[in-house]
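Structure record follows, encoded as structure tokens.
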Amino acid sequence: MSIIKEFREFIARGNVIDLAVGVIIGAAFNSIVKSLVDQVVMPPIGLATGGLDFSKLEWVLRPENPATEEIEKVAIQYGAFINTIIQFLIVAAAVFVLVKIVNSLRRQHAEEAEAAPAAPTPTEALLAEIRDELKKRP
């Protein structure tokens, strides 16, 4: 089997396509969450903390020297890290809710499948009729 044929079969599988769709939607969802955190969640938190902008919080290890362009500022930007943690928590909560919904729908579907007895096949129905007729005879 040629490598191209194997690759074509691999790509044609449903799981690979589902994974690709998930990655694309995940990237789009990441942009939404970033916007939600940066533009909706963090401004009220900054207002509650006295106008503090978390994205600009940093610990300067070496300040920049404006006189010479050779020395650049070196800083640990822990505010951006806080924003990233909040984004992660929002994504994790959204995925958790999505999984809970899917699991409850699966359970509900499984319960409905168990609760509804299967309809008798035509052969079984015919045999039931014959049985009932035989019971009526003396």
Per the list (1) exposed (fewer than 10 other Cβ atoms within 10 Å of the Cβ); (2) modelled with pLDDT under 85, residue check on Val40 breaks on (2)
Mind listing whichever residues of segment 85-108 are over 17 Å from the mean Cα position of the chain (by Cα) and within 23 Å of Leu57 (Cβ to Cβ)? none
Anything in segment 93-113 that is modelled with pLDDT under 85 and closer than 29 Å to Ile45 by Cα? List them, or say none. Ala94, Val95, Leu98
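I'd like the residue in segment 114-138 that is among the aliphatic types (A, V, I, L, M) and modelled with pLDDT of 85 or more and, out of all such residues, is farthest from the chain's Cα centre (by Cα).
Taking the candidates together, the pick is Leu134.
Does Val33 satisfy the criteria of being surrounded by fewer than 11 Cβ atoms within 10 Å (Cβ to Cβ) and either at pLDDT 85 or above or under 22 Å from the mean Cα position of the chain (by Cα) (or both)?
no
When segment 61-78 is examined, which residues are found to be modelled with pLDDT of 80 or more and more than 36 Å from the chain's Cα centre (by Cα)?
Answer for segment 61-78, where residues must be modelled with pLDDT of 80 or more and more than 36 Å from the chain's Cα centre (by Cα): Leu61, Arg62, Pro63, Glu64, Glu72, Lys73.
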Of the candidates Asp18, Asp53, Asp38, the one satisfying the condition of being of a type in the set (Asp, Glu) and over 14 Å from Ala80 (Cα atoms) is Asp18
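The values are calculated or read from the model by the stated rules, or taken from the named source; none is laboratory data. Small disclaimer: the values here were computed from a predicted structure and weren't measured. With ideal geometry, Cβ positions are generated from the backbone for all residues, glycine too; neighbour counts draw on all protein chains shown.
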